1. Given the residues VAL251, VAL220, which is the only one that is within 30 Å of ILE168 (Cα to Cα) and of a type outside the set (Ser, Thr, Tyr)?
2. Please give the number of the condition THR180 fails out of (1) over 30 Å from GLU259 (Cβ atoms); (2) surrounded by fewer than 22 Cβ atoms within 10 Å (Cβ to Cβ); (3) β-branched (Val, Ile, Thr).
3. Among the residues of the range 154-181, what is the count of those that are without any contact (Cβ under 8 Å) to a residue 24 or more places away in the chain, in a helix (DSSP H, G or I) and among the charged types (D, E, K, R)?
4. Taking PHE268 as meeting all but one of (1) on the phi < 0 side of the Ramachandran plot; (2) at pLDDT 95 or above, write down the number of the exception.
5. Every residue in the range 42-60 that is surrounded by fewer than 22 Cβ atoms within 10 Å (Cβ to Cβ), in contact with a helix residue (DSSP H, G or I) (Cβ under 8 Å, 6 or more places away or on another chain) and in a helix (DSSP H, G or I), please.
6. Among the residues of the range 256-281, which ones are open to solvent by less than 40 Å² (accessible area, probe 1.4 Å) and not in a loop (DSSP other than H, G, I, E, B)?
7. Go through (1) open to solvent by 30 Å² or more (accessible area, probe 1.4 Å); (2) part of a helix (DSSP H, G or I); (3) not polar (S, T, N, Q) one by one and return the number of the condition VAL220 breaks.
Amino acid sequence: MEFGHKPVLLEETIEHLNIKPDGVYVDGTLGGGGHSFRIAGQLSGQGRLIGLDQDDAAISAAGEKLSRFGKQVAIVRSNYENTDRALKELGIDGVDGILLDLGVSSYQLDTLERGFSYHHDTTLDMRMDRRQQLTAKEIVNQYSLQELSRIIREYGEDKFAQNIAKHIVQAREKKSIETTGELNEVIKAAIPAKMRAGVGHPSKRTFQAIRIECNRELEVLKNSLDMLIGLLHPGGRLCIITFHSLEDRIVKNAFRKNENPCICPPEFPVCVCGKQSQGKVITRKPILPGIEETESNKRAKSAKLRVFEKR
């Protein structure tokens, strides 16, 4: 399948990156290269774009799409949590803008053997980086009842987390759960029929939770934001597109903390903790896609863009 992924909030992201023709920019979630293509197209001969992605299919597709820009574009197969290391290896000590477009891509959802979608019966995989050993199948069949319940509750925000985890454990005692279809049936049986009506697919939240756990998505995001802000030149911007409340909350809190890191008690007349602001939050409220975009791309409906500017 061709790596087709329609970039979400494209115009809004390009506008808020404040692209300088001779600047250096990072796309930490390269995907099919949609955002990167627009960024690279605004750079002069002195500008550079570094794209990172852990998915081999994304690297291949983006490499082909961005090939016209030659050596202005460098593509690295790595998780964005390694952005500082990747830049160091390229001899770059700071950048003018960074973009993260989080979550799973349309290509990953639509490629059946990747196992991200609950709409088809296929192998339980869900790895964004197919070099890693941990798969969704191992999580479903090897995690304890307590671990499964925790990730479904915390990452899936599913009120039936305990019951779903219990049904998974009971089912795998009889036979290993091998496919997305088998997991779907277990989840369906764990949710009362009257509660399944009109609330979307019963497996949506559990699949999200397992995917997040498999790829360490929230852990990577939480641990990377300070580092990414630290890589920006003064005036440089970090633009992050999220797709669910857990991601958005992490980004919002990290931006606020970097804008106002002071930990002094409020009754202190002056700051004595010495913590310095790293910049300012540009988006007090997240930027949302317009009606036209959500109608033409249903996966844009939950997207939110937040922007931070380095001082």
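The values are calculated or read from the model by the stated rules, or taken from the named source; none is laboratory data. Only a predicted model underlies this, so the values are computations on that prediction, with no experimental measurement involved. For neighbour counting, all protein chains shown are included, and Cβ atoms are generated from backbone atoms with ideal geometry for every residue, glycine included. To get the accessible areas, we keep the full protein, side chains included, count just its heavy atoms, and leave off ligands, DNA and RNA. Shrake-Rupley method; radii C 1.70, N 1.55, O 1.52, S 1.80 Å.
1. Only one candidate passes the filter, namely VAL220.
2. (2)
3. Summing the residues that are without any contact (Cβ under 8 Å) to a residue 24 or more places away in the chain, in a helix (DSSP H, G or I) and among the charged types (D, E, K, R) in the range 154-181 gives 2.
4. (2)
5. Hit for the range 42-60 is ALA57, nothing else.
6. ASN258, GLY279, VAL281
7. (1)
Residue by residue, here is whether (1) exposed (fewer than 15 other Cβ atoms within 10 Å of the Cβ); (2) among the polar types (S, T, N, Q); (3) closer than 24 Å to ASN79 by Cα holds:
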{"site": "THR123", "(1), (2), (3)": "no, yes, yes"}
{"site": "GLN142", "(1), (2), (3)": "yes, yes, no"}
{"site": "GLU154", "(1), (2), (3)": "no, no, yes"}
{"site": "SER176", "(1), (2), (3)": "yes, yes, no"}
